[in-house]
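Enquirer: I have a structure here, written as structure tokens, and I will follow up with some questions on it.
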Amino acid sequence: MTPAQLTALAGGKSSAPRHHILSVLVENKAGVLSRVAGLFSRRGFNIYSLAVAPTDEDEHFSRITIVVDVESAPLEQVIQQLDKLVNVVSIGELSPGDAVERELVLATVAVGPTERSQVIQLVGVFGGEVVSVGADRLTVMLAGRPEKIDDFEGLLEHYTVVELQRTGRVALPKLDRH
Amino acid sequence: MQLTGAQALIKSLEMQGVDVMFGLPGGAILPVYDPIIDSSIRHILVRHEQGAGHMAEGYAMVTGKPGVAMVTSGPGATNIVTPLANAYMDSTPLIVISGQVATGSIGTDAFQECDITGVTMGITKHNWLIKDVDDIPRVVAAAFHVATTGRPGPVLIDFPKDIANTMMEWYWPTSVEELDLPGYHPVTDGDPVLVAEAAQLISAAHRPVLYVGGGVLKSRAAEALRALADLTGIPVVTTLMARGAFPDSHPQALGMPGMHGHYTAVTALQRSDLLISLGARFDDRVTGKISAFAPEAKIIHVDIDRAELGKVRRADVGIAGDCRLVIEELLRALGAKGEGPVVQDLAPWWSQLHQWQEQFPLYYDDAEGGAIKPQNVVEQLRDAAPEDTIVVAGVGQHQMWASQYWEFNHPYSWVNSGGAGTMGFAVPACIGAKVGRPDKTVWAIDGDGCFQMTAQELVTATAEQIPVKIAILNNAYLGMVRQWQEMFYGERYSEVYLSPDLPDYVKWAEAMGCVGIRAETPEDVGPAIEKANSVDDRPVVVDFRTDAFEKVFPMVAAGQSNDDIVVHPDQKAPVR
């Protein structure tokens with residue numbers, strides 16, 4: 001290992017990546033997601049998570065919430081390159097402190113007779129829901145702040161998680177109270 | 001008025017003022033070729049689709065108008081991917097219309113189907129797949145708008161065969177609002193506060209340099225630049241993409257910066273305390289090792305593409321805007337300073353620059369009796385050509401010698417492949433340039449390696465009576481690669497030898513309907529050029545058998561600091 005690599009391991013690179021949230025309004029046209037994703041890959045920007053859905057009834061526009069790993073490139077450069085895409089209408093930057101963020105997780109857990117009530121209890125404590133019940137499995141759902149989802153996921157790992165799917169986070173700016 | 005989609009497409013091009021297009025028909029684009037017979041647009045039938053793309057680029061670079069190329073689906077479309085990538089790197093307005101299989105067949109791997117909008121997404125400014133015949137006029141108008149405004153660039157319109165045969169009610173959009181581009185708002189004016197800050201920096205600098213890039217030509221700012229240079233007395237370097245934007249004959253012109261730039265241009269940037277970057281993008285071929293580039297310089301960076309500001313080097317003042325408008329604003333801001341000089345006393349700076357110019361001019365060993373020196377060919381071509389000749393180059397040693405030894409005194413007189421470095425660019429690009437400016441002499445200075453990539457387009461030139469001139473600096477090698485192998489790979493020459501006489505360039509030229517001329521000794525050069533210049537009714541190709549061992553100097557090795565510039569071995573090494 002080179003000294004540079006050792007330094008990188010010891011220093012900032014080993015800490016959790018710094019994330020920033022971009023809320024990107026795009027025209028809801030064929031290929032838009034591909035244009036956005038393609039831009040990230042060819043410019044070497046890293047996407048941490050991505051969520052996309054139409055924003056209006058006419059489905060003219062979609063909102064893409066992208067969590068960007070800003071260790072990979074300066075946020076300003078990511079925004080300016082995104083802004084050059086003709087189908088990108090506007091870009092909002094949400095720093096984690098100024099945004100409300102939510103994420104949803106669905107998890108199917110294998111449960112025997114004793115674990116069943118424990119998992120149901122855990123879901124209740126977190127304010128989630130049991131959304132599907134099988135003979136020896138439960139599918140549970142929780143929506144909330146991403147850190148809460150992380151905690152929930154961590155506790156579920158004490159059981160046998162068969163499948164787990166997170167949505168990636170969505171976010172909007174926090175409202176001004178004054 | 002009811003039109004077929006094909007008629008609507010051609011009529012839309014006519015409405016955009018297109019007078020010429022370059023293309024080659026095939027199955028999917030067949031319906032669109034029918035109304036071309038009745039159109040006012042001149043269609044030039046190429047021999048390979050790559051040629052169509054580069055011709056359209058050459059046309060665009062000398063006229064300032066967008067170049068238009070039309071190809072069929074599948075391989076027709078993929079053959080024009082290189083010109084799209086080239087135009088994207090050099091910000092050339094290029095409109096490519098590609099045929100596509102019928103909408104019902106898309107996604108079925110139909111004959112000659114290719115997802116060309118997917119393929120070209122990363123190398124076009126934008127692209128469109130037309131799925132509704134009623135969209136044709138709007139999309140064509142939008143494509144021209146996007147290609148020519150803001151930072152210019154290539155666009156592609158993919159046109160399914162069934163759409164071409166569907167009827168539509170003709171209309172033509174009359175305003176930008178009708179183009180349905182809610183996310184496209186190119187900037188133009190610079191922020192006046194930032195312009196004032198830039199003016200302050202200019203007034204305070206002791207070693208300023210105007211670092212001029214291709215954006216100055218794109219924004220047609222050569223006159224404004226001249227006024228700025230004249231007002232301030234600041235030295236000017238013109239990048240490979242900006243040759244001609246400022247006259248080389250002007251006393252403030254230092255020439256080209258970069259890997260093979262003039263010593264004084266490279267070193268002026270390096271020692272500067274203020275770089276005024278106008279439409280340039282701090283390309284690695286200009287900066288060398290970026291962390292060692294112009295270490296003492298503050299940066300004013302003007303670019304119409306906001307994403308360029310700070311992309312490579314942090315700007316002290318970054319101004320997003322059209323170069324011409326920003327330079328004009330800057331002139332007003334500097335002029336508003338009232339009495340007294342607008343800049344510091346630059347005499348000490350100029351004295352240093354003149355010393356470098358004297359010590360390290362461009363140099364090559366032109367001893368009597370040797371082989372033909374490629375630099376000398378360029379000089380003799382230059383001296384025998386009309387003053388406003390358009391010069392076109394491919395990529396490699398010949399390109400650098402052309403850029404170094406030609407004296408560019410007019411904007412839009414230099415056409416080459418800069419960012420992409422596309423070998424084979426010169427022959428088709430010079431044909432497009434001549435079509436765009438038939439009143440001018442067009443000389444392509446090409447290498448033997450480049451020439452072999454696209455020479456068949458001279459058949460197009462002969463058939464269409466486009467009298468271009470091609471000078472092949474034939475050193476029988478892929479010369480630039482050979483130079484690197486000599487200098488950095490211990491003279492281990494791997495796969496770079498071509499041969500001086502295979503092919504026989506004179507016979508090849510003649511077979512394509514051109515005049516073919518050969519110059520084998522230095523004494524042949526003058527007469528060969530004279531003969532070539534006397535031909536004006538057909539293309540002419542001159543095979544100059546040049547010194548295979550000649551290298552391009554100065555040189556900054558890839559990844560090295562510009563401080564480590566290497567001059568010709570006969571010149572005394574620079575003292576640092």
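Enquirer: Quick check, is B:Val326 in the same structural domain as B:Tyr412 (by TED's automatic domain parsing), touching a residue at least 60 places away in the same chain (Cβ under 8 Å) and within 28 Å of the chain's Cα centre (by Cα)? Quick ask: steps written out before the conclusion?
Expert: Values: in the same structural domain as B:Tyr412 (by TED's automatic domain parsing): no; touching a residue at least 60 places away in the same chain (Cβ under 8 Å): yes; within 28 Å of the chain's Cα centre (by Cα): yes.
So B:Val326 does not fit the description; no.
Enquirer: Scan the range A:84-111 residue by residue and report those that are buried (at least 17 other Cβ atoms within 10 Å of the Cβ) and within 8 Å of chain B (Cβ to nearest Cβ).
Expert: Matches in the range A:84-111: A:Lys84, A:Leu85, A:Val86, A:Asn87, A:Val88, A:Val89.
Enquirer: Follow-up question, since we're still on this one. Kindly list the number of the only condition in (1) in contact with a strand residue (DSSP E or B) (Cβ under 9 Å, 6 or more places away or on another chain); (2) free of Cβ contacts under 8 Å to residues at least 60 places away in the same chain; (3) within 14 Å of chain B (Cβ to nearest Cβ) that fails for A:Pro74.
Expert: (1)
Enquirer: Only residues that are basic (Lys, Arg) and either in the same structural domain as B:Ile95 (by TED's automatic domain parsing) or surrounded by 24 or more Cβ atoms within 10 Å (Cβ to Cβ) (or both): list them for the range B:423-446, please. Full working, then the answer.
Expert: Taking the range B:423-446 first, the residues basic (Lys, Arg) are B:434, B:437, B:440.
Scanning the range B:423-446 gives a single hit, B:Lys434.
Enquirer: With the checklist (1) within 14 Å of chain A (Cβ to nearest Cβ); (2) touching a residue at least 40 places away in the same chain (Cβ under 8 Å); (3) surrounded by fewer than 23 Cβ atoms within 10 Å (Cβ to Cβ); (4) in contact with a helix residue (DSSP H, G or I) (Cβ under 9 Å, 6 or more places away or on another chain) in hand, flag the one item B:Thr82 doesn't pass.
Expert: Among (1) within 14 Å of chain A (Cβ to nearest Cβ); (2) touching a residue at least 40 places away in the same chain (Cβ under 8 Å); (3) surrounded by fewer than 23 Cβ atoms within 10 Å (Cβ to Cβ); (4) in contact with a helix residue (DSSP H, G or I) (Cβ under 9 Å, 6 or more places away or on another chain), B:Thr82 violates only (1).
Enquirer: Next question. Determine whether the range B:187-203 contains at least one residue that is within 14 Å of chain A (Cβ to nearest Cβ) and either in contact with an Asp or Glu (Cβ under 7 Å, 6 or more places away or on another chain) or touching a residue at least 12 places away in the same chain (Cβ under 8 Å) (or both).
Expert: The first filter runs over the range B:187-203 and keeps only residues within 14 Å of chain A (Cβ to nearest Cβ), leaving B:187.
Pick out the ones that are also either in contact with an Asp or Glu (Cβ under 7 Å, 6 or more places away or on another chain) or touching a residue at least 12 places away in the same chain (Cβ under 8 Å) (or both) and you get B:187.
Within the range B:187-203, one or more residues are within 14 Å of chain A (Cβ to nearest Cβ) and either in contact with an Asp or Glu (Cβ under 7 Å, 6 or more places away or on another chain) or touching a residue at least 12 places away in the same chain (Cβ under 8 Å) (or both).
Enquirer: What pairs come up if the first residue lies in the range A:35-49 and is at the interface with chain B (Cβ under 10 Å from one of its Cβ atoms) and under 13 Å from A:Ile64 (Cα atoms), the second is modelled with pLDDT of 95 or more and surrounded by 15 or more Cβ atoms within 10 Å (Cβ to Cβ), and their beta carbons are under 8 Å apart, counting only those six or more places apart or on different chains?
Expert: A:Arg35/A:Leu85; A:Arg35/A:Asn87; A:Arg35/B:Met121
Enquirer: If you don't mind, another one. Could you run through the range B:153-178 and say how many residues are under 30 Å from B:Lys218 (Cβ atoms) and either buried (at least 23 other Cβ atoms within 10 Å of the Cβ) or under 29 Å from the mean Cα position of the chain (by Cα) (or both)? Step through it out loud before you land on a result.
Expert: Taking the range B:153-178 first, the residues under 30 Å from B:Lys218 (Cβ atoms) are B:153-159, B:172-178.
Adding the requirement that they be either buried (at least 23 other Cβ atoms within 10 Å of the Cβ) or under 29 Å from the mean Cα position of the chain (by Cα) (or both) leaves B:153-159, B:176.
Looking only at that region, the number is 8.
Enquirer: Among the residues in the range B:102-112, are any touching a Leu at 6+ places or on another chain (Cβ under 9 Å) and either away from chain A (no Cβ under 14 Å) or buried (at least 22 other Cβ atoms within 10 Å of the Cβ) (or both)?
Expert: No, there is no match, as no residue in the range B:102-112 is touching a Leu at 6+ places or on another chain (Cβ under 9 Å) and either away from chain A (no Cβ under 14 Å) or buried (at least 22 other Cβ atoms within 10 Å of the Cβ) (or both).
Enquirer: Of everything in the range B:275-293, what is within 22 Å of B:Tyr263 (Cβ to Cβ), touching a residue at least 40 places away in the same chain (Cβ under 8 Å) and either part of a loop (DSSP other than H, G, I, E, B) or polar (S, T, N, Q) (or both)? Give them in sequence order.
Expert: Residues satisfying the conditions are B:Ser277, B:Ala280, B:Asp283, B:Thr287, B:Gly288, B:Lys289, B:Phe293.
Enquirer: If we keep just the residues of the range B:125-136 that are more than 10 Å from chain A (Cβ to nearest Cβ) and buried (at least 21 other Cβ atoms within 10 Å of the Cβ), which is farthest from the chain's Cα centre (by Cα)? Give the steps one after another, and end with the answer.
Expert: Step one: list which residues in the range B:125-136 are more than 10 Å from chain A (Cβ to nearest Cβ), which gives B:130, B:132-136.
Retained after the next criterion (residues that are buried (at least 21 other Cβ atoms within 10 Å of the Cβ)): B:130, B:133, B:136.
Numbers: B:Ile130: 30, B:Val133: 35, B:Ile136: 30 Å.
If we take residues in the range B:125-136 being more than 10 Å from chain A (Cβ to nearest Cβ) and buried (at least 21 other Cβ atoms within 10 Å of the Cβ), then B:Val133 is farthest from the chain's Cα centre (by Cα).
For (1) at pLDDT 95 or above; (2) under 26 Å from B:Ala385 (Cβ atoms), each residue gets a yes or a no:
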position	(1), (2)
B:Val481	yes, no
B:Gln485	yes, no
B:Tyr493	yes, no
B:Val506	yes, yes
B:Ala509	yes, yes
B:Ala519	yes, yes
B:Val525	yes, yes
B:Asp537	yes, yes
B:Asp570	no, no
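Enquirer: Would you confirm, using the coordinates I've provided, whether B:Ala229 is under 30 Å from B:Met259 (Cβ atoms) and either outside the structural domain of B:Gly150 (by TED's automatic domain parsing) or in a helix (DSSP H, G or I) (or both)? Outline the logic, then answer.
Expert: Working: under 30 Å from B:Met259 (Cβ atoms): yes; either outside the structural domain of B:Gly150 (by TED's automatic domain parsing) or in a helix (DSSP H, G or I) (or both): yes.
The answer is yes for B:Ala229.
Enquirer: Here's another thing I want to ask about it. Can you tell me which residues in the range B:514-563 are farther than 27 Å from B:Gly370 by Cα, of a type in the set (Ser, Thr, Tyr) and crowded, with 17+ Cβ neighbours inside 10 Å?
Expert: The answer is B:Ser561, and nothing else.
Enquirer: Further, regarding this structure: I'd like the residue in the range B:167-186 that is in contact with a Leu (Cβ under 8 Å, 6 or more places away or on another chain) and part of a loop (DSSP other than H, G, I, E, B) and, out of all such residues, is nearest to the other protein chains (Cβ to nearest Cβ).
Expert: So, considering only residues that are in contact with a Leu (Cβ under 8 Å, 6 or more places away or on another chain) and part of a loop (DSSP other than H, G, I, E, B), the one nearest to the other protein chains (Cβ to nearest Cβ) is B:Gly183.
Enquirer: Checking B:Val302 against (1) within 14 Å of chain A (Cβ to nearest Cβ); (2) within 22 Å of the chain's Cα centre (by Cα): exactly one of these is not met. Which one?
Expert: Going through the list (1) within 14 Å of chain A (Cβ to nearest Cβ); (2) within 22 Å of the chain's Cα centre (by Cα), B:Val302 breaks only (1).
Enquirer: Residues of the range B:497-515 being under 14 Å from B:Leu473 (Cα atoms) and small (Gly, Ala, Ser), which ones?
Expert: B:Ser499, the sole residue that qualifies.
Enquirer: Can you pull out the residues in the range A:83-132 that are hydrophobic (A, V, I, L, M, F, W, C), part of a helix (DSSP H, G or I) and touching a residue at least 40 places away in the same chain (Cβ under 8 Å)?
Expert: Going through the range A:83-132, the residues hydrophobic (A, V, I, L, M, F, W, C) turn out to be A:85-86, A:88-89, A:91, A:94, A:99-100, A:104-107, A:109-111, A:119-120, A:122-123, A:125-126, A:130-131.
Right, trim to part of a helix (DSSP H, G or I) and you get A:119-120, A:122-123, A:125-126.
A:Val119 - this is the single residue of the range A:83-132 that is hydrophobic (A, V, I, L, M, F, W, C), part of a helix (DSSP H, G or I) and touching a residue at least 40 places away in the same chain (Cβ under 8 Å).
The values are calculated or read from the model by the stated rules, or taken from the named source; none is laboratory data. Note that the structure is a prediction, hence the values are computed from the model and not measured. As a convention, Cβ positions derive from the backbone with ideal geometry for all residues, glycine included, and neighbour counts pool all protein chains shown.
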